[in-house]
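The structure under discussion appears below in the form of structure tokens.
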Amino acid sequence: MLQAIERKGYPLSVVACKIYDDSIEFASDSAIIYYNELKTVGQTNFVKLARIKDVVIGAVGACEEAAMFYVFLKSHYPKSASVDDILDLLVGFSAWKKERQGEHKIENSYILGIDGKAFHTNGFFVDRIETHMAIGSGCYFALAAMEINLTAFAAVQIACKYNVFCSEPIIKIEMSRNV
């Protein structure tokens, strides 16, 4: 059943981001569904939150697409930390993905940290994160937690406690805003 839910576009995860005056905090759970089996960090090489060169990327959705985006980011970088240039990055990824897989559609949602700024994407929609954001099935728990001034890490802990599709351990990455 979990695999069926994930294939219908229901991302089984949570990635959260909180903006502070001098830093950005990113956190994610580590649940990955692999052939109806729940795996976490240590049981698989895949992680939902990573730093690829100078880009922090958090992904919810299909591991296959996220892994392809990670590979793409190793050789591609946005011109600047702006909504337009993040959109250009996604358009480039879409074309690159089509060359390799025959499919251009971007189905995952992402949170990206670049040059001291954070963005969230859903398909080709891109928006700048000004205070906090969460994506995935645990996003409502995480958003509520950050709304009452909890950290992104604490927000993901709460999502893991109350959403059956999220699971610890929690991964955390921080980025300076003073770039």
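A few notes on this one:
- For region 2-170, relative contact order (Cα pairs under 8 Å, six or more residues apart, normalised by length) works out to 31 percent.
- Dipole magnitude (debye, nearest 20) for region 2-170, charges at Cβ of Lys, Arg, Asp, Glu: 400 debye
- Gained length - V83 relative to S23, 0.36 nm times residue gap less alpha-carbon distance: 19.7 nm
- Label of the coordinate-derived value, Kirkwood radius over Cα pairs in Å, listed as [x] 16.9; [y] 16.1; [z] 16.5: [y]
- Cβ crowding within 10 Å, taken as a proxy for footprinting-reagent exposure, orders I111, I106 from fewest neighbours to most as I106, I111.
- Cβ-based exposure ranking for T131, T121, T151, in which fewest neighbours within 10 Å come first: T131, T151, T121
- Estimated inter-spin distance, S176 and K74, nm [label 7 Å along Cα→Cβ]: 2.7 nm
- Nearest-0.05 FRET efficiency for K161 and E107, computed from C-beta distance (R0 41 Å): 0.90
No lab work stands behind these numbers, since they all come straight from the coordinates. The shown structure was predicted, so the numbers you read here are calculated from the model rather than taken from an experiment. Positions of Cβ are generated from backbone atoms using ideal geometry, with glycine treated the same way; all protein chains shown enter the neighbour counts.
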